[in-house]
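Asker: Sending over a structure as structure tokens; questions will come in a sec.
What follows is calculated from the coordinates using simple rules that are stated; it is not laboratory data. Computed from a prediction, not measured in an experiment: that's the story for all the values here. Note that each Cβ is placed from the backbone with ideal geometry, even for glycine, and that neighbours are counted across all protein chains shown.
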Amino acid sequence: MRCERVMDHLDDWLDEALDARLRSAVDAHLAGCESCRREFARHRALADDLAVLGRIADRIVDAPVQRPLRRVRWTRIGKVAVVLAIAIGAALAGWSQMNPRAPRRVVEFEPIVPNGVPTSDEKMVPTRFEYEPAEPSRHMVVAIKSDNPRIHIVWLYENTLGKQALPDADGAKPDLHEL
Amino acid sequence: MTHTRTEPGSPSVSPPNSAVAPVDLAAVRRRMIRLAVRLVWNRTDAEDIVQEAFQTALKRGPAANEALFEPWLVRTVGYLCLNHRRRRRPEPLQEWMETFRDASSSTGSIDRAEALDRLRGAIEQLPGQQRLALVLRTMEQMDYGRIAEIMESSVSSVRANVHLARRRLVELLVPSGPEEGS
């Protein structure tokens with residue numbers, strides 16, 4: 001058998017797919033041809049190394065615990081935690097910017113005296129009223145108590161420019177005083 | 001590659017009142033991970049690739065109880081691996097080779113690990129078709145006919161790809177190739 005014919009059977013020889021007669025012919029040629037013997041030996045070594053790589057892959061897959069896998073997963077969890085913390089912080093900061101908490105306000109006004117002339121028994125101490133504005137999107141109605149039944153003081157707080165006078169409990173439209 | 005292996009307790013899919021053997025999806029997944037590891041050499045990457053292949057199968061692949069399912073899945077996993085951009089370091093061979101250290105094996109040496117690492121790198125330099133055909137033939141131990149079915153190619157084409165891959169690897173590894181009698 002010539003060298004070219006022998007090399008044609010290289011793959012089947014490696015795969016051990018040659019029939020006995022052909023296998024004997026190839027082996028006989030290899031015994032007397034150093035060049036082909038060296039080439040076949042290189043391929044045989046390559047096939048052995050490929051088989052070892054395959055077995056290593058089996059071990060990698062069959063191993064119950066993967067150290068690199070665990071490290072990577074922990075790193076992923078850490079990254080996710082950091083991203084979540086940043087996102088939550090940014091959301092809270094944005095929320096506080098969009099919804100600033102209104103400071104408490106203090107209103108002080110003089111009592112209304114009939115005929116404009118206070119008598120000796122009138123209490124002239126200014127009324128101090130402290131309140132906390134409601135959320136900007138909602139109205140807040142503040143009714144100021146008065147001893148005078150003819151006077152109703154209602155302060156409406158609203159975020160829009162328009163003012164709205166709400167009827168009181170008995171249906172009468174109350175007076176509106178700007179404070 | 002044994003295609004009839006099953007693992008107890010694993011999920012399976014089979015059509016009702018059908019003579020078709022149920023598909024052991026857990027065993028199929030394990031075989032696919034094994035193939036992917038042999039192509040990308042990182043278990044986490046391999047699991048990600050197999051997950052992607054199963055997701056693709058759910059969307060537009062053949063049903064799990066069809067005969068085309070596993071060849072389609074092998075082909076999909078194979079091509080995903082060939083197109084895979086490495087995100088993680090390949091598994092260090094030396095550590096895994098230490099598990100082979102026994103009286104009948106000489107695979108534990110550092111030199112051997114380096115030689116196998118060079119081989120692993122050389123395989124990655126092969127054209128995709130040659131690389132996939134080589135791995136299916138030499139590591140998965142598939143016959144040429146089945147490889148041709150998976151790669152949607154002819155047997156002669158697969159044989160040519162395996163032959164060219166072997167020759168190319170020998171050429172690439174000539175400086176460290178074994179001499180006669182080694």
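Asker: Residue-wise, which Karplus ³J(HN,Hα) couplings in Hz belong to segment B:110-115, taking 6.51 cos²θ - 1.76 cosθ + 1.60, θ = phi - 60°, and x for glycine or proline?
Answerer: Rounded to whole hertz, the list is 5, 4, 5, 5, 5, 5.
Asker: Need one value for A:37-47: mean number of C-beta atoms belonging to other chains within 10 Å of its residues' C-beta atoms.
Answerer: Mean shielding by partner chains, rounded to a whole number: 5.
Asker: Then there is this: Please list, in order along segment B:73-85, the HN-Hα scalar couplings obtained from phi with the Karplus expression 6.51 cos²θ - 1.76 cosθ + 1.60 (θ = phi - 60°), rounded to whole Hz, x for Gly and Pro.
Answerer: Going residue by residue, I get 5, 4, 4, 5, 4, x, 6, 4, 5, 5, 8, 6, 9 Hz, with x marking Gly and Pro.
Asker: Next question, about the same structure. Which ³J(HN,Hα) values in Hz, rounded to whole numbers, follow from the phi angles of segment A:41-56 under the Karplus curve 6.51 cos²θ - 1.76 cosθ + 1.60, where θ = phi - 60° and Gly and Pro get x?
Answerer: These are the phi-based 3J(HN,Hα) values: 5, 4, 5, 5, 5, 4, 4, 5, 5, 4, 5, 5, 4, x, 5, 5 Hz.
Asker: Here's another thing I want to ask about it. With r defined as the distance between the Cβ atoms of A:R23 and B:S157 and R0 fixed at 25 Å, what FRET efficiency is calculated, to the nearest 0.05?
Answerer: The formula returns an efficiency of 0.45 here.
Asker: At R0 = 22 Å, how high is the FRET efficiency between A:D8 and B:L164 if r is their beta carbon distance? Nearest 0.05 is fine.
Answerer: For R0 = 22 Å, the calculated efficiency reads 0.95.
Asker: Using only the Cα atoms of segment B:19-91, build the gyration tensor, take square roots of its eigenvalues as a ≥ b ≥ c, and label the shape rounded, prolate or oblate: rounded if a/c is under 1.5, else prolate if a/b is larger than b/c, else oblate.
Answerer: prolate
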